[in-house]
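A quick write-up on the structure given underneath.
Bear in mind that the values in this text are calculations on the coordinates, not laboratory data. The structure presented is a predicted model; accordingly, all values stated were derived computationally and were not measured. Cβ atoms come from the backbone with ideal geometry, glycine included; neighbour counts cover every protein chain shown.
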Amino acid sequence: MSVTHPAGFSAAGLTVGLKPSGRSDLALVVNDGPSDAVAAVYTSNRCKANPVLWSERASADGRARAVVLNSGGANCYTGEFGFQTTHLTAERAAALLEISPADVLVCSTGLIGVGGQDFRDRIVDGLPGLIAERGSGEAHGQAAAEAIMTTDTVPKTVALDAEGFRVGGMAKGAGMLAPGLATMLVVLTTDAAVEQDVLERALRAATAQSFDRLDTDGCMSTNDTVVLMASGEAGTTPSEAELTAVVTQACLDLTAQLHTDAEGAHHDIAITTRGAVSVDDAVTVSRAVGRSNLFKAAIFGEDPNWGRVVAQVGVTDAEFDPTTIDVTINGVRVCANSAPDADPETVVFSRKVDVVIDLKAGSESATVWTSDLTHDYVEENSAYST
């Protein structure tokens with residue numbers, strides 16, 4: 001199941017005509033439980049979409065009852081009219097659900113600049129039917145996950161059982177995946193009975209280890225949002241450590257699904273930097289390598305060009321000795337102490353590619369996930385809006 005796996009949640013997905021394809025494009029997740037605690041993280045892109053501007057304010061008090069999501073248009077840079085569209089969406093949904101508009105978060109995904117009168121009318125007029133469709137069954141959660149897809153090829157969901165409580169979730173994203181507090185659109189749910197501050201810390205700890213380290217193309221969206229709602233329906237109060245562990249597991253699961261569905265990717269690359277002085281240094285080095293078009297192109301060609309790895313390590317401000325770097329690709333150490341080691345032709349490639357960089361400067365490590373640069377990626381994004 002998806003977001004409806006934990007008790008106290010209902011969901012729905014509907015087609016209102018926002019997508020030329022005719023596929024479903026409007027989704028809803030509602031917390032019907034005794035608690036209305038919510039935590040959320042948003043894109044750090046300074047050019048924020050109207051739904052992000054609205055939801056940042058609405059979630060600031062740590063309370064929310066519903067999330068309305070649409071695909072088929074980002075409602076970003078659509079002016080005051082676009083912000084009023086988001087406001088009207090929240091107001092209309094709130095009236096139908098008999099809750100406060102301030103307890104309705106809104107998410108949108110699609111092309112920037114799309115959000116005119118027809119866009120508004122289709123969403124607002126579609127809300128009664130969407131809310132009438134909502135239910136707590138598996139099909140309802142799946143329908144919501146399908147309705148938020150854009151260039152995704154498959155819906156992305158997760159469902160986990162812990163001691164006395166559950167966590168569920170759905171995500172969308174295949175392009176513009178780069179970190180900034182959150183990436184893509186994600187709704188997570190739990191029936192644990194937890195205080196909002198605990199929920200907030202758990203979500204931020206989880207996203208820091210998962211979504212924030214998914215960097216398939218180095219492009220940060222204007223609409224990225226990750227929401228975690230707690231219904232309290234299970235009546236179980238886990239420790240903060242236990243809640244964080246399960247939420248992190250859910251986020252890592254969804255991150256892996258997003259990674260393997262990245263636009264045009266032929267190789268799913270994990271770059272681990274170890275021997276770093278700090279986790280920040282390890283992340284910085286891994287991210288620098290993962291954002292190198294030369295490195296990504298080499299992996300597309302299944303060329304274990306470790307020189308492109310070492311060159312990117314050198315552009316960072318991480319602490320290391322440039323003469324002692326090791327690079328291992330798919331289990332073969334091709335560079336030892338910044339010099340050639342095993343024959344690169346012994347590296348065997350498959351869909352998954354593991355790159356390990358050892359800085360030999362400390363004891364910390366971190367992994368960043370990226371994708372190769374392919375003809376398919378270029379072709380898909382060169383024609384996306386047409």
Top positive-direction residue, dipole computed over the chain with Cβ charges, set V327, L97, V289: L97
Of R65, R57, R291, which is the most mobile in a GNM of the chain whose springs link Cα atoms less than 10 angstrom apart? R57
Run down the aspartates and glutamates and flag those whose C-alpha is under 15 Å from the C-alpha of K352, throwing out any fewer than 8 positions away in its chain. D261, D268, E302, D303, D372
Reach of K19 by Cα under 19 Å, taken over aspartates and glutamates that are not fewer than 8 positions away in the same chain: D118, D121, D125, E146, D152, E263, E380
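With Cβ to Cβ distances under 15 Å as the rule, what net charge do the other residues near P340 carry (K, R +1; D, E -1)?
Working: positive: R308, R333; negative: D303, D326, D341, D343, E345.
Its environment carries a net charge of -3.
Taking the inverse of the average 1/r across all pairs of different Cα atoms in the chain, what Kirkwood radius in Å do you get? Don't skip to the answer; put the middle values down first.
Details: mean 1/r = 0.0469 Å⁻¹.
Hydrodynamic radius (Kirkwood, Cα pairs) of the chain is 21.3 Å.
Please pull out the direction-averaged projected area of the stretch 223-334, using the convex hull of its alpha-carbon atoms, in nm² to one decimal place.
On the way: hull surface 40.2 nm².
Value for the stretch 223-334: 10.1 nm².
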E319-T153 pseudo-label distance in nm [points 7 Å out on the Cα-to-Cβ vector]: 4.4
Values of log10 I(q)/I(0), in the order q = 0.17, 0.24, 0.32 Å⁻¹, for the stretch 19-72 under a Debye, Cα-only, solvent-free model: -0.68, -1.02, -1.26
When the expected Rg is taken as 2.2 N^0.38 Å, what fraction or multiple of it is the alpha-carbon Rg of the stretch 1-142? 0.98
Take every DSSP beta bridge with both residues inside the chain and express the antiparallel ones as a percent of the total, to the nearest 5. 70
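Please give the net charge around L28, taking every other residue with its beta carbon less than 14 angstrom from that of L28, where Lys and Arg add +1 and Asp and Glu add -1. Kindly include the intermediate steps, with their values, before the conclusion.
On the way: positive: R65, R92, R134; negative: D25, D32, D103, E133, E146.
Every neighbour counted, the sum reads -2.
If you average the sequence gap of Cα pairs under 8 Å that are 6 or more apart and divide by the length of the chain, what percent do you get for the contact order? Please list the in-between numbers first.
Details: 1040 pairs, mean separation 69.6, N = 386.
RCO, the chain: 18 percent.
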In units of 2.2 N^0.38 Å, what is the alpha-carbon radius of gyration of the stretch 268-382? 1.01
Cβ-placed point charges (K, R +1; D, E -1), dipole of the chain about Cα centre in debye, nearest 20: 600
Cross-link reach from K156 to lysines, straight Cα distance under 17 Å and at least 8 residues apart if same chain, gives K172
So, in Å, what gap is there between the alpha-carbon centers of the stretch 313-378 and the stretch 221-296? 19
Say the dipole of the chain comes from +1 at the beta carbon of Lys and Arg and -1 at that of Asp and Glu; which of H375, Q312, A230 then lies farthest toward its positive end? H375
Take the stretch 111-266, drop everything but the C-alpha atoms, weight them equally and run the Debye formula without solvent; then report log10 I(q)/I(0) at 0.12 Å⁻¹ to two decimals. -0.56
On Cα atoms only, tilt of 79-97 relative to the major axis of the chain in degrees: 60
